[in-house]
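Structure, as structure tokens:
The values are calculated or read from the model by the stated rules, or taken from the named source; none is laboratory data. Only a predicted model underlies this, so the values are computations on that prediction, with no experimental measurement involved. Positions of Cβ are generated from backbone atoms using ideal geometry, with glycine treated the same way; all protein chains shown enter the neighbour counts.
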There are 4 protein chains.
Amino acid sequence: MKSPIGRKKAKEPRLRGTQFIRKVLDAVIEQLAAVGFERLSIPEVAERAGVNKTSVYRRWPTKGDLIRAALDISMGSAGSASSTGNLRSDLVGTARLAADFVESPLGTGALRMLLAEGANPDVRNLAASMLRRQETEGPRALFDLAMARGELPRDTDVQLVLSTVAGALMHRAFIEQGPLTDAFIEDLVDLILSGASRNRSRR
Amino acid sequence: MKSPIGRKKAKEPRLRGTQFIRKVLDAVIEQLAAVGFERLSIPEVAERAGVNKTSVYRRWPTKGDLIRAALDISMGSAGSASSTGNLRSDLVGTARLAADFVESPLGTGALRMLLAEGANPDVRNLAASMLRRQETEGPRALFDLAMARGELPRDTDVQLVLSTVAGALMHRAFIEQGPLTDAFIEDLVDLILSGASRNRSRR
Amino acid sequence: MKSPIGRKKAKEPRLRGTQFIRKVLDAVIEQLAAVGFERLSIPEVAERAGVNKTSVYRRWPTKGDLIRAALDISMGSAGSASSTGNLRSDLVGTARLAADFVESPLGTGALRMLLAEGANPDVRNLAASMLRRQETEGPRALFDLAMARGELPRDTDVQLVLSTVAGALMHRAFIEQGPLTDAFIEDLVDLILSGASRNRSRR
Amino acid sequence: MKSPIGRKKAKEPRLRGTQFIRKVLDAVIEQLAAVGFERLSIPEVAERAGVNKTSVYRRWPTKGDLIRAALDISMGSAGSASSTGNLRSDLVGTARLAADFVESPLGTGALRMLLAEGANPDVRNLAASMLRRQETEGPRALFDLAMARGELPRDTDVQLVLSTVAGALMHRAFIEQGPLTDAFIEDLVDLILSGASRNRSRR
DNA sequence: CCATAATCGAGACGGTACGTCACGTCTTGAG
DNA sequence: CTCAAGACGTGACGTACCGTCTCGATTATGG
């Protein structure tokens, strides 16, 4: 029989289903950005999410499962730059998007993960596919358009150009630990397009 | 099966002093390249070195101490490219050295460490100084010479150029997981010097 | 083949009310005999009864409640030996009943419980009352009749005799793990009545 | 900030080897008597012994190993009654020893264990051998002597007599929860030797 | 050549965090 | 209204490492 005054405590209702999942995966992304793949532990994620660790283990038995899930649902926000009819603008736009990604918790986490655990095949598969989508699919189309417009030689090594841009962004962000400002991005694009040597064409 | 000769066991004598240190620090570098900073553990280093873990703890109480020591003695092999009187050759030489470093166990370990654990201040201090020496000191001089020769505008953003080259190498090595071939390096240098766009000057 | 008539699935209807209770409490007795008080768990009882654990918790919130209920309804089958006009026969009859109880699932469970968890006050209260009823109420009357008939000295320590018989049965059943045969019971009664020493009177 | 008074703490030295074992196994016996076999947990034993749980697991991986070890070293204090040339005295002495054992922590623990987990073969083997030694080996000899002296018929069922005595003691201790006084023991022995019925021979 | 100190090996122990398990509570939906 | 089904919280357990401590063995060094 219940106490007549049984106003129990007004405890907020348990998180269940979607809300529960949402809260946990958000915590994963935060934790990933904060401490990286290696140091991310399920108990800590659970605590950060205000949830019991057992419940997390039930849904995602391993760290890999958990992170995979977190990255999956966080990748809807991809988006790629649309062509402006000008290669430089397109490249700047693309690089800006990539830079935003690199500086986002999600991007930082994913990249750190890939860099640190490149040896681990699981990690590689996980992050590589994600990065490929982010880095190449959209941009590649822009290059094709630029070649069609005659702004770029047909034999351009697109992969090299993209790698170089991406590498420069990452070097700036992770090694020099500097911000990815618009000015930096424009200078970078100019360098890539025009070259450093004397007989180059300026914008 | 026992050896027919009753040779007692021929146990080699204990490592002491310098030999001991040498063996341990080598193992540290190997371990660093194999599993990275985070997963490197003193007991495992000791076992790989064929040494007792207590002895390692005596000399280097923390993981930081141990790795610092290992990197310190492994950095004598730096060396920088000497000028050839031609910017492109100099850049290729410099990039080749950097690439060798990136692909060496020491470089892989140090870079993975810095990239993955950039959040950790200890790691950052440790590796940043090391990289700065490796990446900039030598190269910078080559650029000054090139400017003096008129191969390069005086307002060239040297830091940007270096960052871009280094970033491209790292992207290739760690993200794309491809080898740093001479061809790749030459293409990279050409891209940086001449630019990607149509009106560029080829080598 | 499906039934042509929309017979929903022939799933047996849910157990409710009395049938539900019956099924659960039976399972409790079985479980009690099988694994004892300590290892008996409500979820397992529920599963054995083919019932949902939540429903069991609703009716009997604690293990004590559940077992108490199970023992209560299982104690109607008590019955005590009726007098035959002869002490030995009466004692054999009484011991036989006690032995049957000891060897029954209910008795095994209850006794194991009392013996093993005598430290637990709940257990003690629960089982002690039950055993007292079983062991003493009926038998005591038989002894009074025997004294009236002059078969027994008036100063006989009835409690001691009963304890000894009961103790011997339990020792045989639980320690020696042997069966409580009629022969054993008769030998036991003879020993108690006539004594072991030389100058005893045989039956 | 460290305390300015660096008085380290005067921590007592670690328990090692024999002292360590001693402390743990003592705690096992206590725990066994306090809560029985089922509820005994290695972590709690470790805490009671003031020792780390991991260290206990290292030496005795399972609860069975631990309890076996504890019982083994606690059985040196067995001792059996020596013959006095009189059957009654011998029996009283033997029963007194048995009673002391039953009331000791060790005996309580072992018996509870056997009673509660009689189904478990491990437990049965463990405790049965121990009890057999305690209950029968010594006593049996006394009966042989009594038969030789003519105090007892040669066809006496020694096992039955011993079981009955032991059973009565256990019933008294565990079911009635009463103390095993000298008076009780003497009354019990008299009952067993002389019988309860009228035509018995008193001591 | 021997004695003594410094160094290293070996193992036991304390300590922390992790992943698992079983239990009991809560919410929701079906009969 | 009762029961089923499942999700979730909660506590304890056993395990895996790591780092510390103690003791014994070996090697280098000074008289």
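General remarks:
- Selection status of C:Asp26, in a helix (DSSP H, G or I) and either assigned by TED's automatic domain parsing to the domain that holds C:Gly167 or surrounded by 15 or more Cβ atoms within 10 Å (Cβ to Cβ) (or both): yes
- For B:Ile67, the stated conditions hold: it is at pLDDT 85 or above, more than 12 Å from DNA strand E (Cβ to nearest atom) and away from every other protein chain (no Cβ under 14 Å).
- Test: residue in the stretch A:76-85 that is within 26 Å of A:Val123 (Cα to Cα), surrounded by fewer than 16 Cβ atoms within 10 Å (Cβ to Cβ) and at pLDDT 90 or above: no
- Residues considered: D:Val45, D:Val28. Of these, the only one that is away from chain C (no Cβ under 14 Å) and under 18 Å from the mean Cα position of the chain (by Cα) is D:Val28.
- Members of the stretch D:37-51 found to be near DNA strand F (Cβ under 9 Å from one of its atoms) and assigned to a loop (DSSP other than H, G, I, E, B), listed by number: D:Leu40, D:Ser41
- Search result, residues across the stretch D:16-36 that are more than 12 Å from DNA strand F (Cβ to nearest atom) and touching a Lys or Arg at 6+ places or on another chain (Cβ under 7 Å): D:Ala27, D:Glu30, D:Gly36
- Any hit, the stretch B:159-179, residues being outside any helix (DSSP H, G or I), of a type in the set (A, V, I, L, M) and either assigned by TED's automatic domain parsing to the domain that holds B:Gly85 or surrounded by fewer than 22 Cβ atoms within 10 Å (Cβ to Cβ) (or both): no
- In the set (1) away from chain B (no Cβ under 14 Å); (2) more than 30 Å from A:Arg154 (Cα to Cα), A:Gly85 fails one condition alone, (2).
- Test: residue in the stretch D:52-64 that is in a helix (DSSP H, G or I), at pLDDT 85 or above and in the same structural domain as D:Asp190 (by TED's automatic domain parsing): no
- Of all residues in the stretch B:100-143 being at pLDDT below 75 and among the small types (Gly, Ala, Ser), the one that is farthest from B:Ala166 (Cα to Cα): B:Ala119
- Looking across the stretch A:143-158, the residues that are at the interface with another protein chain (Cβ under 7 Å from one of its Cβ atoms) and crowded, with 17+ Cβ neighbours inside 10 Å come down to A:Glu151, A:Leu152, A:Thr156.
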